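To keep things clear, I will list the structure first and then write my remarks on it.
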Amino acid sequence: MMEIDPNRDYAVKFENLSKHYDLGGQIVRALDGVTACFEKGSFWAIMGASGSGKSTMLNILGCLDRPTGGHYYLDGKDVSCLEDDELSDIRLNYLGFIFQSFNLIPQLTVAENISLPLYYKGFSEEYCLEKAKEMAEIVGLSNRLGHRPMQLSGGQQQRVAIARALSTDPVVLLADEPTGNLDSATSIEIMKLLTEMNNLGKTVIMVTHEPDIAEFAKHRLIMKDGKIDRID
């Protein structure tokens, strides 16, 4: 269990968080009374064996699932019991997502993929294009704005996904096995980019099973049987 300091500014805070599933009368405690806190501007790797609870934690962090009990505070706001529409707004305005499989829309260009969250937020086409150019330059893809995902390498696709995640200036950047589909050299490039984003003040929380990738994070939270086993 992590100690929560009331005087610190946390991007994310869990208080006695639990997630239970009833599987034919058998209760599975995917998360079992977890208390944890992630400071703004920190970089965390969440690790653990299959079934340890790390994926459940990520789903709750991303407001893709609700806890059974306890509280989840995101940027000081209790999001534990929000309705679906409210959770959608939280995901759009507070969170940026980076997935192992990139999750780009193949019919859209790089610029359109990057700016998609901004369209959902109601910004003008002109603003979205300018923001896409800005984000593409940050991730080193300013010369690929008109390309479609299938015209890019895996590493370039993940850079597009990172640019898209950053486009709304989220409170927290969530990365789910961000290098899982990449070769070793490209994985290092992507992790250096995430490190750069963290050095600029972005809070990054990443799930990974790869120890060498976890080494890029400043802190490591190890899950076991739905609880925090240790913190490195």
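Any read-out appearing in this document is the output of simple, stated calculations on the displayed coordinates, not a laboratory observation. None of these values were measured; they are calculated from a predicted model. Ideal geometry is used to build each Cβ from the backbone, glycine not excepted, and the neighbour counts take in all protein chains shown.
Tabulated data
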item	result
Percentage relative contact order, the stretch 1-136, counting C-alpha pairs under 8 Å, at least six apart	20
Degrees separating the helix 110-120 axis from the principal Cα axis of the chain, which is the longest one	60
Additional length obtainable on full extension of the chain from Glu126 to Ile188, 0.36 nm per residue less Cα span	18.9 nm
Quotient of Cα Rg and 2.2 N^0.38 Å for the chain, N being how many residues it contains	1.02
Rounded D (µm²/s) - the stretch 162-222, Kirkwood Rh over Cα pairs, Stokes-Einstein at 37 °C, 0.692 mPa s	275
Charge dipole of the chain about the Cα centre (unit charges at C-beta), most positive-ward option of Cys128, Asn103, Thr179	Thr179
The stretch 10-231, dipole about Cα centre (Lys/Arg Cβ +1, Asp/Glu Cβ -1), debye to the nearest 20	380
Trypsin sites (Lys or Arg not before Pro) within the stretch 99-182, DSSP loop, no more than 16 other Cβ atoms inside 10 Å	Lys121
With Cα atoms, 0 to 90° folded angle of helix 84-94 axis to the chain main axis	60
Cut-off of 10 Å, at most 15 other beta carbons, DSSP loop: longest stretch of the chain lacking such GluC sites (Glu not before Pro)	84-214
Length-normalised contact order for the chain - Cα pairs under 8 Å, 6+ apart - percent	28
Within a Gaussian network of the chain (alpha carbon springs, distance under 10 Å), most fluctuating of Ile114, Ile60, Ile205	Ile60
The stretch 1-52 versus the stretch 195-210: alpha-carbon centroid distance in Å	18
Net charge over other residues, Cβ less than 14 angstrom from the Cβ of Glu177 (K, R count +1; D, E count -1)	-2
